[in-house]
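Asks: Dropping a structure here in structure tokens format, bear with me for questions.
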Amino acid sequence: MSECYPYTTIVGAEELGCDQRRPPYKRQPRGVRGKDAWAIRTSACDELIGRVAELVGSDPPLDLRSHPETRKLVEIPSPTQTASYKQREDLLDACLCAWTAALWHRHGSERCQVLGAGDPLRDDGGRLATIIAPARHGQRPS
């Protein structure tokens, strides 16, 4: 069994250009409140969506415009209503995780690392739970 997480994709996939940390689209920035916090979050979300939209030319490609719901991510700015924003954030995260699975399938350990592979903990069926994480050259084990 393997999982993937949007955070590991955002910081590990060179194509997304987030070298040090993920954009603050998920949480309110420390020390910032109210409308200012929403403005930072929605701006970061829209910027990240723009970066993800550029994956249409990557290997493997991800075309956000290929489905009516994901097309809205690109064409409609982030809402400031909490429920609508959360739905947008979840859809973006799902796209990032799906692309990670495709990246792993296409490139394997050339582009990704398997976190937890050395961990002796297994589920009741004896399966090892791991996380697939895109990784830049310097992030992967030699």
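Asks: Could you please find all residues in region 23-60 being surrounded by fewer than 12 Cβ atoms within 10 Å (Cβ to Cβ), within 18 Å of the chain's Cα centre (by Cα) and in a loop (DSSP other than H, G, I, E, B)?
Replies: Just the residues of region 23-60 that are surrounded by fewer than 12 Cβ atoms within 10 Å (Cβ to Cβ), to begin with: 27, 30-31, 33-35, 57, 59.
This time we only want the ones that are within 18 Å of the chain's Cα centre (by Cα), so: 27, 57, 59.
Listed by number, the residues that qualify are 27, 59.
Asks: Related question: Could you list, in sequence order, the residues of region 11-22 that are crowded, with 17+ Cβ neighbours inside 10 Å and in a loop (DSSP other than H, G, I, E, B)?
Replies: 13, 18, 22
Asks: What number goes with the only condition from (1) under 16 Å from the mean Cα position of the chain (by Cα); (2) part of a loop (DSSP other than H, G, I, E, B); (3) free of Cβ contacts under 8 Å to residues at least 40 places away in the same chain that residue 125 does not pass?
Replies: (1)
Asks: Which numbered condition trips up residue 85, out of (1) surrounded by 18 or more Cβ atoms within 10 Å (Cβ to Cβ); (2) assigned to a helix (DSSP H, G or I)?
Replies: (1)
Asks: Which numbered condition in (1) hydroxyl-bearing (Ser, Thr, Tyr); (2) touching a residue at least 60 places away in the same chain (Cβ under 8 Å); (3) outside any helix (DSSP H, G or I) is the only one that residue 8 fails?
Replies: Exception for residue 8: condition (3).
Asks: Please state which one of 122, 136 is modelled with pLDDT under 95 and either within 14 Å of residue 10 (Cα to Cα) or loosely packed, with under 11 Cβ neighbours inside 10 Å (or both).
Replies: 136
Asks: A further question follows. Pick out the one residue from 64, 16 that is modelled with pLDDT of 95 or more and either over 20 Å from residue 137 (Cα atoms) or not hydroxyl-bearing (Ser, Thr, Tyr) (or both). I'd like the intermediate steps shown before the answer.
Replies: Numbers: 16 fails: modelled with pLDDT of 95 or more.
Residue meeting the stated conditions: 64.
Asks: Restricting to region 93-108, name every residue that is among the charged types (D, E, K, R) and within 17 Å of residue 17 (Cβ to Cβ).
Replies: Selection gives nothing.
The values are calculated or read from the model by the stated rules, or taken from the named source; none is laboratory data. Being a predicted model, the structure only gives us computed values, none of them experimental. All Cβ positions, glycine included, derive from the backbone under ideal geometry; neighbour counts span all protein chains shown.
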